[in-house]
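Worksheet: one structure, shown below.
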There are 2 protein chains.
Amino acid sequence: MLVGAIEAGGTKFVCAVGNEKNELLERVSFPTTTPEETMKQVFAFFDRFELAAIGIGSFGPIDVKPDSATYGYVLSTPKLAWKDYNFLGDMKERYDIPMGWTTDVNAAALGESAMGAAKGLRNTMYITIGTGVGAGAIVDGKILEGIGHPEMGHLLVRPHEHDHYKGFCPYHGNCLEGMAAGPSIDGRLGKAGKDIDPTDEVWDFVAYYIGQALEAYTVILRPERIVLGGGVMKVPGMLEKIKTQFTTLLADYVPVPAVDDYLVTPGFGDDAGITGAIILANQSVEK
Amino acid sequence: MLVGAIEAGGTKFVCAVGNEKNELLERVSFPTTTPEETMKQVFAFFDRFELAAIGIGSFGPIDVKPDSATYGYVLSTPKLAWKDYNFLGDMKERYDIPMGWTTDVNAAALGESAMGAAKGLRNTMYITIGTGVGAGAIVDGKILEGIGHPEMGHLLVRPHEHDHYKGFCPYHGNCLEGMAAGPSIDGRLGKAGKDIDPTDEVWDFVAYYIGQALEAYTVILRPERIVLGGGVMKVPGMLEKIKTQFTTLLADYVPVPAVDDYLVTPGFGDDAGITGAIILANQSVEK
Ligand SMILES: Nc1ncnc2c1ncn2[C@@H]1O[C@H](COP(=O)(O)OP(=O)(O)O)[C@@H](O)[C@H]1O
Ligand SMILES: Nc1ncnc2c1ncn2[C@@H]1O[C@H](COP(=O)(O)OP(=O)(O)O)[C@@H](O)[C@H]1O
Ligand SMILES: [Zn+2]
Ligand SMILES: [Zn+2]
């Protein structure tokens, strides 16, 4: 049995075909332009296969509420050509097969949970700190979604006492994303994160905010492991700084695994999302 | 078919018998003393019935991890007679039937979700702000638990700029519980909350902290509705203050239902917990 998978990112699309063991067999990748152009390439790829299901992890926000009138749509994205695009609807019109539909970060969370750094665990999380902050939770092997998909990057954090930056989030200013995502470094220091010395105190601020978020996710979700990825995690020593902040902030209130087992780097390079989309496709066959 | 239910609180136990429609048929209640004494009364009540299952919502912390060596135990509670007590084990020894085992607040969350103020919804939350702060989440009709049960009251919050109180949580000082639960009022003003004027600014502080927590739960869990109970919610005007804070803090970032439908008071008086335990019993039969 073959299944299809799409990782729809803001800059590129990855389409793949996998099997029921969640193995990736073949893939293509092309830039994200307009729905008309990009979907033509999506269809050209999948038309070649006999698929049992397709899993889609899309940039967002997207509508994941099955009883909503705009279920399957891309919502208010800054990529205007895609705003209000009925992504899932167009896929379903072309292929009348079961489809899984979630965000790109949720797909990556599922990939890391099932086959990556959190393999074998049922309750896990994945967070990426890059251009923005996104996170997904896997609860009992399934993606966590309520009335919509989580937006965990917009958790409100306590400002660090020595950090005078006000944050770049247009909604909240100093939420986690506003204070810890890549653009906050530029916002504070006028240069990109990769050009800032790893010993600069700004990384202590960033680690403090991420530590707070991990404390929140821990007391609310009680995951078995949290996988941390994204550009900001490339700063040398960042994971260690975060472990220290998290441990101090949690203050042993709830038991968690040893911090080196609890807070880990991704097991996949860039393949977490597309692998998660394959898993999602297989899960939607089973339903 | 009959099922049993226990709401084990720190000051009193409620035991009940219900049917497969989750209707409460008969109940007794007695003070929580020692496991020896109290469990004798529990057994005396349940021995009279032929039960298909029992659901237990217990004060905690408790061990809810099925593969743990101390699964079913009460853990490090300040009620010393109950510390390390094998509650579920003793129940199973007496009655060899399926049992559901969770915290008292999770049981209340399930009760409110299935039959109370969040009836008909699949993804809901219940939070109680009383002597402490506890909260439970229902995801797709089931209680959310990972490696342990949530401890959502220990979310870290931003101090209000005019609030100089340091918080009473022995672990975190100024976490949500430390800043917003009943004892924080005493800690600030030297008298109980019910003796403080409802227009005192302390209630604005409390509403600010609860509003932050609701923002966090919203972006992480995306519930359809949040039910708020506990002694502190009895302050006149408190729910309205919280709605205002929450709305300001969320800043329309994610869509939520109209705030009057989203943040609501409990549908049950004191029966949410015992009703939730009956539902849990019925869920454990189905498994
Ligand atoms: N080596 C690095 N050190 C610090 N910051 C980095 C580094 N590499 C990338 N970043 C930051 O990460 C962001 C890009 O994150 P990334 O996860 O690669 O992409 P995206 O979030 O767009 O998918 C940029 O804002 C950049 O500032
Ligand atoms: N009318 C009230 N106004 C303000 N605070 C109150 C009121 N009633 C109770 N409280 C506070 O609520 C706490 C008790 O909470 P409650 O939910 O009744 O019990 P518990 O949390 O112990 O189950 C006390 O700390 C008390 O200060
Ligand atoms: Zn924000
Ligand atoms: Zn605390």
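The values are calculated or read from the model by the stated rules, or taken from the named source; none is laboratory data. The structure displayed is predicted, hence computed values, not measured ones. Ideal geometry is used to build each Cβ from the backbone, glycine not excepted, and the neighbour counts take in all protein chains shown. All accessible areas refer to the heavy atoms of the entire protein, side chains included, with ligands and DNA or RNA removed. Shrake-Rupley method; radii C 1.70, N 1.55, O 1.52, S 1.80 Å.
Side notes on the structure shown:
- Label-point spacing at A:Glu286 relative to the other copies reads 1.9 nm, in ascending order, each point sitting 7 Å out from Cα along Cα→Cβ.
- Descending semi-axes in Å of chain A, equivalent ellipsoid built from Cα gyration tensor: 33, 21, 16
- Computed 3J(HN,Hα) for segment B:264-281, one whole-Hz value per residue from the Karplus formula 6.51 cos²θ - 1.76 cosθ + 1.60 where θ = phi - 60°, is 9, 7, x, x, 9, x, 9, 8, 4, x, 5, 5, x, 5, 5, 4, 4, 4, glycine and proline marked x.
- Using a 7 Å Cα-to-Cβ projection, A:Asp195 label spacings across copies, nm, ascending: 6.3
- Each residue of segment A:90-105 was assigned a 3J(HN,Hα) from its phi angle through the Karplus expression (A = 6.51, B = -1.76, C = 1.60, θ = phi - 60°), giving 5, 5, 5, 5, 7, 10, 8, 9, x, 9, x, 9, 8, 7, 4, 6 Hz with x at Gly and Pro.
- Sulfur and carbon atoms: percent of accessible area, segment A:119-264 [1.4 Å]: 50 percent
- Each other copy places its own label point for A:Lys21 at 5.3 nm from this one, sorted shortest first, where the point lies 7 Å along the Cα-to-beta carbon line.
- When the Cα atoms of the protein assembly as shown are aligned to their principal axes, the ranges along those axes come out at 71, 55, 42 Å in descending order.
- Per residue value of the accessible surface for chain A (all protein chains in place, 1.4 Å probe), Å²: 40 Å²
- Amide H partners (placed H, <5 Å) of B:Gly55, local residues excluded: B:Gly4, B:Ala5, B:Ile6, B:Gly100, B:Ala281
- Counted over segment B:117-264 with a bin width of 10 Å, the fraction of Cα pairs per bin, in whole percents, is 12, 44, 34, 10, 0.
- Among residues other than A:Ser76 with Cβ under 9 Å from its Cβ, the summed charge is 0 (Lys and Arg +1, Asp and Glu -1).
- Buried surface for the B/A pair, taken as the accessible area of each chain alone minus that of the pair with a 1.4 Å probe, is close to 3400 Å² in total.
- Among beta bridges that DSSP assigns inside the protein assembly as shown, antiparallel share in %, nearest 5: 60 percent
- Euclidean distance between Cα centres, segment A:194-234 to segment B:111-189, Å: 24 Å
- Magnitude of the charge dipole for chain B, about its Cα centre and with charges confined to Cβ atoms of Lys, Arg (+1) and Asp, Glu (-1), is about 100 debye.
- Residues of segment B:139-180 buried by at least 40 Å² of accessible area upon assembly of all protein chains, compared with the chain on its own (1.4 Å probe): B:Leu144, B:Gly146, B:Ile147, B:Glu151, B:His154, B:Leu155, B:Leu156, B:Arg158, B:Tyr171, B:His172.
- Separation of the alpha carbons by more than 19 angstrom is noted, of A:Lys191/A:Lys241; B:Lys166/B:Lys191; A:Lys142/B:Lys119, for A:Lys191/A:Lys241; A:Lys142/B:Lys119.
- Relative contact order, whole percent, for segment A:176-229 stands at 34, derived from Cα pairs under 8 Å and 6 or more residues apart.
- Annotation: amide H of A:Leu75 within the under-5 Å range of A:Ile62, A:Asp63, A:Asp84, sequence separation 5 or more or interchain, hydrogens built in the peptide plane.
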